[in-house]
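The values are calculated or read from the model by the stated rules, or taken from the named source; none is laboratory data. The model shown is predicted, which means the values in this text are computed figures rather than measured ones. Virtual Cβ from ideal backbone geometry, glycine too; neighbours counted across all protein chains shown. For accessibility, only protein heavy atoms count, side chains too; no ligands or nucleic acids. Shrake-Rupley method; radii C 1.70, N 1.55, O 1.52, S 1.80 Å.
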Amino acid sequence: VEAYRDEAHVGRFVAKRVALVIGNSTYREAPLKNPQNDAKAMAAALREQGFEVILRQNANKIDMERAIADFGEKLSEGATGLFYYAGHGMQVSGKNYLIPVDAEISTAQTVMVETIDADTVINQMSMAQSRINLVILDACRNNPYERRFRSQAGGLASIEAPTGTLIAY
């Protein structure tokens, strides 16, 4: 188990803590005011709690994919992993998708190509065998692309997650 020495409590070892924090605000369609600020505040709070934080703001799809891969590589067995996402999110056919700032979504069919499946992050945590996984999806419940789709459910879908995972919406 990878651990680090907690300097506040000499001699005590604490499991590694890794967080990926993404705040997307600058969408071409339907920009948001708060996600970028929320991500900065969350990253600062997590660093104060001893997390190694990977912070991405206004991330395009490639940046999000690379950050998720980096997050998965930094996690280890027994670690605590935390993922915080603020920005647009949507559900299509019972799956949740996180929307990068450069997404060009014209139909429901383009969602899987232009966005990030939320399960990708959970799979990284599961494969790393981290002990505790926290997933916070602070995603806008209104879908800016909704008018382009026929009868899509609003909000996000429930997620099946591995043991030791807490998901907050």
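Which of the lysines could be linked to residue 16 by a straight reach, that is with a Cα gap under 25 Å, when you skip same-chain ones fewer than 8 residues away? By straight Cα distance, residue 16 reaches 40, 74.
Placing pseudo-labels 7 Å out from each Cα toward the beta carbon at residue 28 and residue 41 gives an inter-label distance of 3.0 nm.
With coordinates expressed along the principal axes, the C-alpha atoms belonging to the range 30-106 extend over 40, 27, 22 Å, beginning with the largest. Here the accessible area is traced with a 1.4 Å probe on the protein chains. For the range 8-119, carbon and sulfur cover 49 percent of it. So which lysines can residue 33 reach, going by Cα to Cα under 25 Å and dropping same-chain residues fewer than 8 places off? Here the lysines satisfying the reach criterion relative to residue 33 are 61. Taking 0.36 nm per residue of separation and subtracting the Cα-Cα distance, full extension of the segment from residue 69 to residue 123 would add 18.4 nm. For the range 53-115, applying the loop criterion from DSSP together with a ceiling of 12 other beta carbons within 10 Å to the GluC sites (Glu not before Pro) yields 77, 104.
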